[in-house]
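Here's the structure, in structure tokens; my notes come after.
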Amino acid sequence: MKLLKLLVYVLFFALFINISYAQLKFHPPRPDRPDNVFGGKFVFLTVQTNFIITAYLGLCVLELTITHYRVRTVLERAVHVVSGAVFSVGFMMGAGYYALVHFDERTRAQAATIEEFDYYMHLLHAPAACLLLFDILFKDKTFQQSAPETLVEALNSLSEMTSMYSSASLNKVTDNPNSGKEEAAEPSGVQGVKVSLIKKPSLRKVRRSAARMRRALIVRLHQGDTIAAMLYGVFYLCWSVLCARMNNGWWPYPFQQNLRWSQLAMLYAVFITLILPSLTITSRALRGRGTQVTQSMIRRSSVLLRRTRLLKRTNSRGSFADSESSRVLLSAPRRRFSMSRTQSNRLSMVQNF
């Protein structure tokens, strides 16, 4: 399975190297474009996004090939955060082209005059959305299951420290040398109420602080892809405004030339604050779901295959009703795998969150 996945990523990596080379060589003529464009090809979101996807695929290939533990752990963390950001940016680029640029009148006029214009435009925009959707669906683990091991260990040690601190604080309260005098002076009921009043606030504070720290760590982990995608959106907004200023108000896409500065600012604000975070949340929900469905289908098909083979074997022998082994195999109980300590800790962490 790992070898097949590596082969798929190598093929996609070679495809996007070809796409990155093709987008640098393809120069469709535009009469409204200045002679010397500030930023060159990198004024286009498509060019930047395809280079980002190429680098991400190279990172995935390295993750599958490198066997060194520390390097592989760092790559797994990077892929865990970068995959959601790359999905949101790449899917927005592909869908945004067909929603805003492809069916524009000026784009259709260019396609009518330039040979193979639509072929290159489809090549530059369609594979990005399709590939990234495939990449998210067929990850090995879901978003919660792919949390770094060090984070799980940190949370476990944090819970152990808080439990030790709470037990130590309780021992201090119960082992107080002045407690005997107070017990002699006061009834036992009053003393129990005082001790309970001392215990409860300290325990509540410790539990609340531990819960806050745990949630903060999980939120930072979960929001890494959203923050990366939004930061890239802010960067491209500043870059496109700078290029437009340096190119005397020329924008690379036709729909941008029909909008005012205020309308463009509102459009970019919607992209950065709504669409990119929504796409990262979608990538979290879809992450690894295709792998789960495929594995369940394989298990079901293997069970059905075993049952049909058993039916054929027992029917040929004529002793199906009296065969104890056939009844056991036909029931086909699912194996109960014992969860490792890390998996159980990770499951409890996700449930507590």
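A few comments on the model shown:
- For region 269-315, the set of residues classified as over 20 Å from residue 227 (Cβ atoms) and in contact (Cβ under 8 Å) with a residue 60 or more places away in the chain consists of 288, 289, 290, 291, 292, 294, listed by residue number.
- Looking across 242, 267, 274, 259, one residue alone is over 24 Å from residue 32 (Cβ atoms) and surrounded by fewer than 17 Cβ atoms within 10 Å (Cβ to Cβ). It is 274.
- Region 76-115, subset at pLDDT below 85 and charged (D, E, K, R), residue most open to solvent (accessible area, probe 1.4 Å): 115
- The single condition among (1) among the aromatic types (Phe, Trp, Tyr); (2) farther than 30 Å from residue 138 by Cβ; (3) modelled with pLDDT of 90 or more that residue 271 does not meet is (2).
- Residues of region 106-117 that turn out to be in a helix (DSSP H, G or I), free of Cβ contacts under 8 Å to residues at least 24 places away in the same chain and either under 30 Å from residue 139 (Cβ atoms) or of a type in the set (D, E, K, R) (or both), as a count: 1
- Restricting attention to region 27-55, the residues being of a type in the set (D, E, K, R) and either without any contact (Cβ under 8 Å) to a residue 12 or more places away in the chain or open to solvent by 60 Å² or more (accessible area, probe 1.4 Å) (or both) number 3.
- Condition broken by residue 129, with the remaining ones in (1) open to solvent by 50 Å² or more (accessible area, probe 1.4 Å); (2) part of a helix (DSSP H, G or I) satisfied: (1)
- Filtered residues of region 1-25 (kept if touching a Leu at 6+ places or on another chain (Cβ under 8 Å) and open to solvent by less than 60 Å² (accessible area, probe 1.4 Å)): 5, 6, 9, 12, 16, 19, 22, 23
- Number of the condition not met by residue 198 [criteria: (1) modelled with pLDDT under 80; (2) surrounded by 13 or more Cβ atoms within 10 Å (Cβ to Cβ); (3) under 30 Å from residue 78 (Cβ atoms)]: (3)
- Filter pass, residue 121 being in a helix (DSSP H, G or I), open to solvent by less than 60 Å² (accessible area, probe 1.4 Å) and either under 23 Å from residue 231 (Cα atoms) or modelled with pLDDT under 85 (or both): no
- Among the residues of region 56-67, just one is open to solvent by less than 70 Å² (accessible area, probe 1.4 Å) and free of Cβ contacts under 8 Å to residues at least 12 places away in the same chain, namely 66.
- Of the residues making up region 68-75, at least one is open to solvent by less than 50 Å² (accessible area, probe 1.4 Å), in contact with a helix residue (DSSP H, G or I) (Cβ under 9 Å, 6 or more places away or on another chain) and assigned to a helix (DSSP H, G or I).
- Remark: pairs (first residue in region 238-254, in contact (Cβ under 8 Å) with a residue 60 or more places away in the chain; second residue in a helix (DSSP H, G or I) and exposed (fewer than 15 other Cβ atoms within 10 Å of the Cβ); Cβ separation under 7 Å; 6+ apart in sequence or on different chains) are absent.
The values are calculated or read from the model by the stated rules, or taken from the named source; none is laboratory data. The model shown is predicted, which means the values in this text are computed figures rather than measured ones. Neighbour counts run over all protein chains shown; Cβ positions are idealised from the backbone, glycine included. Ligands, DNA and RNA are excluded from the accessible area calculation, which covers all protein heavy atoms including side chains. Shrake-Rupley method; radii C 1.70, N 1.55, O 1.52, S 1.80 Å.
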